[in-house]
1. What list of ³J(HN,Hα) couplings, whole Hz, do you get for the range 160-165 from phi and the Karplus terms 6.51, -1.76, 1.60, once you set θ to phi - 60° and write x for glycine and proline?
2. Just going by the charge dipole of the range 121-204, with Lys and Arg at +1 and Asp and Glu at -1 on Cβ, which of I144, A181, L155 is farthest out on the positive end?
3. Excluding residues on the same chain fewer than 8 positions from K95, give the lysines whose Cα lies under 20 Å from its Cα.
4. By its C-alpha gyration tensor, with a ≥ b ≥ c as the square roots of the eigenvalues, how is the range 62-204 shaped: rounded for a/c under 1.5, else prolate for a/b larger than b/c, else oblate?
5. Which parts of the range 119-161 would a label at Y191 reach, counting a residue when its backbone N lies under 19 Å from a point 7 Å out along Cα-to-Cβ?
6. Could you pull out every residue, at least 5 positions away or on a different chain, whose amide H is within less than 5 Å of the one on S130? Hs are placed 1.01 Å off N in the peptide plane, and Pro or chain starts have none.
7. Given a Förster distance of 25 Å, report the FRET efficiency between A135 and Q113 from their Cβ-Cβ distance, rounded to the nearest 0.05.
8. Step through the residues of the range 106-119 one at a time and calculate ³J(HN,Hα) from phi using the Karplus curve (6.51 cos²θ - 1.76 cosθ + 1.60, θ = phi - 60°), rounding each to whole Hz and writing x for Gly and Pro.
Amino acid sequence: MPDNKSWVEIVMMPLAVTLVGTVGTYFLTQQQLRSSEIASQAQIESSENLARSDQQIKVLEIFSEKITSANVRERELAVRILQSVDPVLAEKLAKAIAETETENVSVRKLAQQIVDIEASKGNSFPVIGSFETMAEAIDFIKGINPAPYSPEIYLSENNYYAVTLGGYLRKEEAQTRVRFAQQQGIAKDAYLRNTRNWGENLYR
């Protein structure tokens, strides 16, 4: 006849198996949900990036069409819309127009103005956070109070979303904002990043 220990083992074994199976199923389900959320977020961000790229392409298509027009007004329009594209690209195209436009002084001057505007911008960013997804970057912003500065988000070269206190700043101003973030406890590890390749602010 089995002893008490054997009876306990007989009774508890199915319960233990059931418990392990239930717990395992729970964690597996949670992991699957998390993976699904990550995949969904990645798909949304990919769509947003594609939409921004399409927008830039359309602007450049209009630029290409207008800049070759015989109509001076249309060429001027082409130069003006350069301010809607990536700042580095805008500066390069405007510089090319300023150097090669010989038929019309107004178009050349307008292009040179764009060059001067872009060149006057800084290339420093006071970074206070870096995140794998746009959603994480936005959540971070919602949890801080960086006033009087406005937070911005830029997609960095390594495809991380950088949260900054402004962008394309002069080095001195960016350093001031880095110190502000550190002193106010917003981001103890805030740092200065110099680049002209972060495109436009994604947080509007």
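Readers should treat all values here as calculations from the given coordinates under stated rules, not as data from a laboratory. All of these numbers come straight from a predicted model, not from anything done at the bench. Reconstructed Cβ throughout: ideal geometry from the backbone, glycine too, with neighbour counts over all protein chains shown.
1. 8, 9, 8, 8, 10, 9
2. It is A181.
3. Once the sequence-local lysines are set aside, what remains near K95 is K66, K109, K121.
4. Details: a/c = 3.31, a/b = 2.39, b/c = 1.39.
In terms of gyration-tensor shape, prolate.
5. 123-133, 137, 152-161
6. Amide H neighbours of S130: V163.
7. Computed FRET efficiency for A135 and Q113: 0.05.
8. Listing the rounded values in order: 5, 5, 4, 5, 5, 4, 5, 4, 4, 4, 5, 5, 5, 5 Hz.
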